[in-house]
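**Q** What follows is a structure written as structure tokens; I'll ask about it next.
No value in this document is a laboratory result; all are computed from the given coordinates. Keep in mind it's a predicted model, so treat the numbers as computed, not measured. Cβ sites come from the backbone with ideal geometry, for glycine too, and all protein chains shown count toward neighbours.
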Amino acid sequence: MRGRMLGAVLAAAWLVACQCAFSAPAAPDTSSPMSHFGLAAQPVPLPGAGKVIVVFICVAALAVGIAAILRRWSPGLLAKLQLPSGVEVTVLGRQKLEPGVSLHIVSIAGERLAIVSSRSGVAMHALSVSDKDTSRPAPPGDRAE
């Protein structure tokens, strides 16, 4: 019901906008005595205030309708358009170091990266992965050196 009403409003707005945009008022053909010199002033009729307001309302309705349609269909449309990348990104940990400075440990396709972000920029460093499983925290008495 809501979709049909929106479609009807958009169709009506489109018809009114097209009618207003493509209808040109007939200008009277009055020849000026100086027209043979190329100095004739061609009067340009301006549209009335009512026509300007109607066209503005139609264009605004068209913009709102397009925004509503894009909002409704864009998540599914964007998901269909994205290509599967196959690269797995996993956030392993986050730590706030200071106000405005954060450390993120991520795993991208099996490679671990340390990413430090601050107000002045972002820094990244590749971490080496040892043979033993380092995804779990070490026991308190065991220190890796």
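**Q** Report, by residue number, each residue of the stretch 45-71 that is of a type outside the set (Val, Ile, Thr) and within 15 Å of the chain's Cα centre (by Cα). Spell out how you get there, then give the answer.
**A** To start, the set of residues in the stretch 45-71 that are of a type outside the set (Val, Ile, Thr) comprises 45-51, 56, 58, 60-63, 65, 67-68, 70-71.
Selection gives Ala63, Ala67, Ala68, Leu70, Arg71.
**Q** How many residues are more than 15 Å from Arg119 (Cα to Cα) and either surrounded by fewer than 11 Cβ atoms within 10 Å (Cβ to Cβ) or under 26 Å from the mean Cα position of the chain (by Cα) (or both) if we restrict to the stretch 82-106?
**A** The qualifying residues number 10.
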